[in-house]
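Trainee: Quick one: structure below, then a few questions.
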Amino acid sequence: MQRISSQMNNNNTQSSLRLQESRLNRANNQIGSQHRIQQLRDDPIAAGHLVRYQSYLGRVNQFEKNALTLSDQFTVREGYMTDSLEIMQRVRELAVTGANGIYTKEDMSNMATEVDELLKQLVQNANAVSADGNSIFAGTNTKATAFDIEMGNVEGSGVPLIQNVRYNGNIDVNRVEVDEGKYLVNDNAGIKTFWAENQQVFGSRDASQWQASSDTVISVDGVKVEIKQGDNVYAVAAKINNSGAAVKATIDPVRNALNFETTDARQLWLQDISGSTLEELGVIKDASQLPPYNLATGARVSGGSMFDTVIAFRNALLAGDQESIGGRVLGALDKGIDSLVTRIAKSGSEYERAQLNATRSSKLALDVTSMVSREGDLDFTKAITDLKMLDYTNQATLSQAGKMYSSTLLNYMR
């Protein structure tokens, strides 16, 4: 029931005008923002879908950026690895030449000069930095120089030469997300890339009577292995072999010592995380020493890096030792080249996978953008038509109200 009064027409007119102005303002806002939904109550279901689509689109765009960034890193890394392969192949050519037995000691000394320069270039490649200033081959320790060199006097040379190259980085890897819960691994450890031979470590103590006195944890090539109280050395070896680490553990049948051997060319990374299992077994020093140069004093080690091989070759040239060049040195060079070829192939495969992920994310972003557009974008043809109709209605209402209330103060002043 509505009360009839002198204010009824005015109130109805004002209410209609406010409602029309609200609708007109909403239409103007839609056109100005190019979005159909201005508030959640405009379309709650579509608004819910839109929020999820926009969030997913942001993640997809980030996945694409991650994959492209990885691709760039793989490209730069592969360039240095390919250059290092060319250096190793040149060193091998010189090794074959030096092993002929027809060159004088002076000739071999001259060849040693070139080998030393190639060694310096190899170290330079190993210490390369990316465009953002990070070490390429230092694992995740990107702000450190990957390899340190130690200079010293070498018989046959009148100036100090590189005697040893030590790794400064770590073996940790970067996991980069390229899809929902899916990651690509960026493994830049230099002791894998520039290692020539499988490394073997032979424990220095008889472990036949050893038993773990408490629960401990050891790290083998970055993989944690839990040792339980009462485990003997055979249980330790079995757990290491079942851990998934690229290392094989065995028990020496003569010395009853725990031995390790990598399954491919890399330097062993052994560490006691808690307890002192590896120290008690005579494999590493105390926990204050960090890998990979923490092996026990009595432990025997075999298998070296590409730097060790080239240094040995240069020293053999300076000493005129043709027999070593044609045997041990040439064999180690071949292993180093094979290992580097494998690493380059792996890097190329990782690059291709990163590119595939970037391409897929780019296509997926287009699909998600279409979904966002369907739910939230404005139909301009309909919006402009509605705006004109609302504006026409508002003008008509104002015109009619003006006719209804045409009297002014001047009408009473006659």
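The values are calculated or read from the model by the stated rules, or taken from the named source; none is laboratory data. Just so we're clear, the structure is a prediction, and the values are computed from it rather than from any experiment. Quick reminder, even Gly has a Cβ in these numbers, built from the backbone with ideal geometry, and neighbours come from all protein chains shown.
Trainee: Given the criteria more than 29 Å from Gly139 (Cβ to Cβ), among the aliphatic types (A, V, I, L, M) and not in a loop (DSSP other than H, G, I, E, B), does Ala235 qualify?
Mentor: Yes.
Trainee: Let me ask you something else. Among the candidates Ile337, Ile325, single out the residue that is assigned by TED's automatic domain parsing to the domain that holds Met88, at pLDDT 95 or above and either part of a helix (DSSP H, G or I) or on the phi < 0 side of the Ramachandran plot (or both).
Mentor: Ile337
Trainee: Further, regarding this structure: Is it the case that Val165 is outside the structural domain of Gln267 (by TED's automatic domain parsing), hydrophobic (A, V, I, L, M, F, W, C) and within 20 Å of Asp308 (Cα to Cα)?
Mentor: yes
Trainee: For region 157-181, give me each residue that is in contact (Cβ under 8 Å) with a residue 24 or more places away in the chain and surrounded by fewer than 17 Cβ atoms within 10 Å (Cβ to Cβ).
Mentor: Ser157, Gln163, Asn164, Arg166, Asn168, Asp172, Val173, Asn174, Glu177, Asp179, Glu180
Trainee: Give region 238-256 a look and list any residue that's of a type in the set (Gly, Ala, Ser), modelled with pLDDT of 95 or more and buried (at least 18 other Cβ atoms within 10 Å of the Cβ), or say none.
Mentor: Ala249
Trainee: Next question, about the same structure. Within region 292-338, track down each residue that is over 36 Å from the mean Cα position of the chain (by Cα) and acidic (Asp, Glu).
Mentor: Result: Asp321, Glu323.
Trainee: Touching a strand residue (DSSP E or B) at 6+ places or on another chain (Cβ under 9 Å), in contact (Cβ under 8 Å) with a residue 40 or more places away in the chain and assigned by TED's automatic domain parsing to the domain that holds Tyr293: does that describe Val233?
Mentor: yes
Trainee: Considering only region 335-346, how many residues are surrounded by 21 or more Cβ atoms within 10 Å (Cβ to Cβ) and over 20 Å from Ala95 (Cβ atoms)?
Mentor: 1
For (1) outside any loop (DSSP other than H, G, I, E, B); (2) free of Cβ contacts under 8 Å to residues at least 12 places away in the same chain; (3) closer than 26 Å to Val76 by Cα; (4) assigned by TED's automatic domain parsing to the domain that holds Asp72, each residue gets a yes or a no:
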| site | (1), (2), (3), (4) |
| --- | --- |
| Asp116 | yes, no, yes, yes |
| Leu119 | yes, no, yes, yes |
| Gln124 | yes, yes, yes, yes |
| Gly133 | no, yes, yes, yes |
| Glu155 | no, no, no, yes |
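Trainee: Sort through Val185, Val178, Val165 and tell me the only one that's farther than 25 Å from Gly298 by Cβ, touching a helix residue (DSSP H, G or I) at 6+ places or on another chain (Cβ under 6 Å), of a type in the set (Val, Ile, Thr) and not in a loop (DSSP other than H, G, I, E, B).
Mentor: Checking each option against the conditions leaves just Val178.
Trainee: What residue, of Ser213, Ser219, is closer than 22 Å to Asn294 by Cα and either among the small types (Gly, Ala, Ser) or in contact with a helix residue (DSSP H, G or I) (Cβ under 6 Å, 6 or more places away or on another chain) (or both)?
Mentor: Ser219
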